[in-house]
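The structure appears right after this line, and notes come after that.
The values are calculated or read from the model by the stated rules, or taken from the named source; none is laboratory data. Quantities reported herein were computed from a predicted structural model and do not represent experimental measurements. Virtual Cβ from ideal backbone geometry, glycine too; neighbours counted across all protein chains shown.
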Amino acid sequence: MLDAADLPDDIAALKAMLIAAQAREVRKDDRIERLEKLVAAFKQAAFGRKSEKADPEQFDLALEDLETAIAAVHAEDEADSPSGKPQSKPRASNRGSLPAHLPRVEEVIEPESLTCACGGGLHCIGEDVSERLDVIPAQFRVIVTRRPKYASQAPAPVRLIHAGLPIEATIAHVLVSKYADHLPLYRQAQIMSRQGIDLDRSTLADWVGRAAFELRPVFNALIADLKRSTKLFMDETRAPVLDPGSRKTKTGYFWALARDDRPWGGGAPPGVAFTYAPGRGGHHAERILQGFTGVLQVDGYAGYNRLIAADRVGLGIRLAYCWAHARRKLVEITRNGSAPIAVEGVKRIGELYRIEDELRGLSPEARLAGRKERSAPLIADMRTWLAHHRTRVAGKSPLGEALAYIAKYWDGLGIFLTDGRIEIDNNSVERTIRPIALNRKNALFAGHDAGAENWATIASLIETCKLNAADPFAYLSATLTRLVNCHKQSRIDELMPWKYPERTHG
């Protein structure tokens, strides 16, 4: 605000100030309107009807664009202000923190003169310290190896790509960029070309294929380790694959087999292994699980019923079903208008989840005791509620079908009441499969079945690294180096991601 003393006496100058102020108000109103539209777009993406909401895998990308647009409006607001300060208070943001392990480069900014007005020297009485995050872009370098010749000569180091350009760390960088950061190989080739490194996509593909071959024994050991567990999760997701004969895509599937015993303090490390199959039939799940005995937690896909068929040889799998899927059936109905029965069902399931939140991290025995005391009565009451409403709701209606779904899987939904190791839902494996879905959107499809199998091998090791807080790049670089230097197959278990000594900084 200007004081009266700050106003000019000249009328023309006052008019000019008034016109400028009015113009700023018009621009401010325009910015407010744009911000309101951006906020409305964000709300629609986050909370709109299912048919109008952003795809979950694309939501973060949309959010980035919305936040970028809002920041640009705030910057415009600041630039338009006569004082150079924003006219409206910007949204609070998380500035982040700078971890202690990052190297520090000190710079000291001294006054232009350290001489006092009296002629003496100035003495430091304190200092202001600020820290800013700097970055050195990815930089390629050339490793020159010289082997002088004498009467004898040192042997050449073994490399994954014999007589080729890359060292193992370079190949690990390509793998992580493709399978963790979702950068297709042609984009990586473009990035390298900006530094004058001209490599064809086919060359990078050759590196990836050879790495996948070397890593296959580690992948096989990972699956074997998971199947020695007595409690696993399983899920599947589409994997569009190019069919060279028809020049179109066909639909394959990645089957995820996951272990996560952390919610009940189990000692086995978390892990996930993806297996590619050309279809979704239950026989693929049966093949993948050959040798496994125990509890398998899944969604309601009918293909899993094959695993517990009466005529199946080698019985020993119990199916535990997922309350999250049952809840989703009811939530979808509540979005389409008034649905008091569905709302009540969602509320009842929510009570089970609140109990689970309080039991998470306790021992299996404590979890089981808590469930028997608190959850079992709710489940019994819900069974009565379910039977009551199924007789009064049309079976072919959306609500009738949702209630029928819950009734169909009722026994499997209740297994978590009998074993403290079992989770209430299948969300653990669903979280591990999301990066596959994101990579699928960026890469569109695998080039062929063998390419999808390589994809599964490398993605399994990378996602297992993430679950164990291991740096995927450092792990793959070290593991490839050990493999090409003839690491013994009898000691392949030493190369599991959870045994890698270096951890990411959290």
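To keep it simple, each residue is scored yes or no on (1) surrounded by 14 or more Cβ atoms within 10 Å (Cβ to Cβ); (2) over 20 Å from Glu430 (Cβ atoms).
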{"position": "Ile288", "(1), (2)": "yes, no"}
{"position": "Gly291", "(1), (2)": "no, yes"}
{"position": "Gly300", "(1), (2)": "yes, no"}
{"position": "Tyr304", "(1), (2)": "yes, no"}
{"position": "Ile308", "(1), (2)": "yes, yes"}
{"position": "Gly316", "(1), (2)": "no, yes"}
{"position": "His325", "(1), (2)": "yes, no"}
{"position": "Leu330", "(1), (2)": "yes, no"}
{"position": "Ile349", "(1), (2)": "yes, no"}
inquiry  = If Arg201 meets every condition in (1) of a type in the set (Lys, Arg); (2) exposed (fewer than 14 other Cβ atoms within 10 Å of the Cβ); (3) within 30 Å of Arg434 (Cα to Cα) apart from one, which number is that one?
reply    = (2)
note = The residue from Ala72, Ala92, Ala117, Ala100 that alone is surrounded by 10 or more Cβ atoms within 10 Å (Cβ to Cβ) and either modelled with pLDDT of 65 or more or not assigned by TED's automatic domain parsing to the domain that holds Asn336 (or both) is Ala72
query = What number of residues in segment 311-363 are more than 23 Å from Pro398 (Cβ to Cβ) and of a type in the set (Val, Ile, Thr)?
reply = 3
note = Given the conditions (1) free of Cβ contacts under 8 Å to residues at least 24 places away in the same chain; (2) under 20 Å from Arg434 (Cα atoms), every one holds for His283 apart from (2)
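This table checks each residue for (1) at pLDDT below 90; (2) part of a strand (DSSP E or B); (3) farther than 22 Å from Ala387 by Cβ.
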site: Val295; (1), (2), (3): no, yes, yes
site: Tyr304; (1), (2), (3): yes, no, yes
site: Leu307; (1), (2), (3): yes, no, yes
site: Leu315; (1), (2), (3): yes, no, yes
site: Arg327; (1), (2), (3): no, no, no
site: Gly337; (1), (2), (3): yes, no, yes
site: Val346; (1), (2), (3): no, no, no
site: Glu351; (1), (2), (3): no, no, no
note = By my count, helices (runs of 4 or more DSSP H) wholly in segment 366-462 with at least 1 residues that are under 20 Å from the mean Cα position of the chain (by Cα), surrounded by 20 or more Cβ atoms within 10 Å (Cβ to Cβ) and modelled with pLDDT under 95 are 427-443
inquiry  = Looking at Arg187, Arg201, Arg147 in this structure, which one is at negative phi and not assigned by TED's automatic domain parsing to the domain that holds Thr275?
reply    = Arg147
inquiry  = So, Tyr353, is that one surrounded by fewer than 18 Cβ atoms within 10 Å (Cβ to Cβ) and aromatic (Phe, Trp, Tyr) or not?
reply    = yes
